[in-house]
1. On a full-extension model of 0.36 nm per residue, what is the gain between Val40 and Asp55, subtracting their alpha-carbon distance, rounded to one decimal in nm?
2. Could you run the Karplus curve 6.51 cos²θ - 1.76 cosθ + 1.60 with θ = phi - 60° over region 86-96 and give me ³J(HN,Hα) per residue in whole Hz, x for Gly and Pro?
3. With the calculation restricted to Cα positions, what are the radius of gyration and Dmax of the chain in angstrom?
4. Using a 1.4 angstrom probe on the protein heavy atoms only, line up Ile106, Ile29 by accessible area, largest first.
5. Calculate the FRET efficiency for Glu89 and Glu112 from the Cβ-Cβ distance with a Förster distance of 30 Å, rounded to the nearest 0.05.
6. If eta is 0.692 mPa s and T is 37 °C, what Stokes-Einstein diffusion coefficient results for region 83-126, Kirkwood Rh from Cα pairs, in µm²/s?
7. Any idea how far the Cα center of region 9-70 sits from the one of region 102-126, in Å?
8. Can you pull out the chymotrypsin sites (Phe, Trp or Tyr not before Pro) in region 1-64 that DSSP calls coil and that have at most 10 other Cβ atoms within 10 Å?
Amino acid sequence: QVEFAESGGGLVQPGGSLRLSCAASGGTINRRPMGWFRQVPGKEREFVAAIRWNDGRTYYSDSVKGRFTISRDNGKNTVYLQMNVLRPEDTAVYYCAAGKSSYYGINYNTHEYEYWGQGTQVTVSS
């Protein structure tokens, strides 16, 4: 059982930056693909970014590409999401998630992830 402690969310003005952290415990994420999703009330959870476990290759939704960066530090058992040039439409609860151990593929859908963090609120507003 892998559990996550998410941190870094908060209130930021448009154009600002935040870095989200997702620290895992109870198990290693070294061999798991990791992802970030976000969700607003009344909508399905939306894919934001993912990173492979074997080579660190990253993937992004079109809406965040060029502004967000996902990274991982396996020594700290932690995944990060650096968010720059934030927009009001980025406002959401952000969730980190771990995919199946040793899976080489990329996971874009929520049902493909095995463990989830509890979420952290990001609000972009002036």
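1. Working: separation 15, 0.36 × 15 = 5.40 nm, distance 3.13 nm.
Working it through step by step, the gained length comes to 2.3 nm.
2. Listing the rounded values in order: 5, 10, x, 6, 7, 4, 4, 8, 9, 10, 9 Hz.
3. When restricted to Cα atoms, the chain yields Rg and Dmax of 13.5, 43 Å.
4. Working: Ile106 45, Ile29 0 Å².
Accessible-area ranking of Ile106, Ile29, largest first: Ile106, Ile29.
5. Working: r = 25 Å, r/R0 = 0.83.
Given R0 = 30 Å and the Cβ-Cβ separation, E is 0.75.
6. Values: Rh = 12.3 Å.
After rounding, the answer is 267 µm²/s.
7. A separation of 6 Å, based on Cα centres.
8. Within region 1-64, no chymotrypsin sites (Phe, Trp or Tyr not before Pro) qualify (loop, at most 10 other Cβ atoms within 10 Å).
The values are calculated or read from the model by the stated rules, or taken from the named source; none is laboratory data. Computed from a prediction, not measured in an experiment: that's the story for all the values here. Using ideal geometry, Cβ is built from the backbone for each residue, glycine included, and neighbour counts are taken over all protein chains shown. With ligands, DNA and RNA removed, areas are computed over all heavy atoms of the protein, side chains included. Shrake-Rupley method; radii C 1.70, N 1.55, O 1.52, S 1.80 Å.
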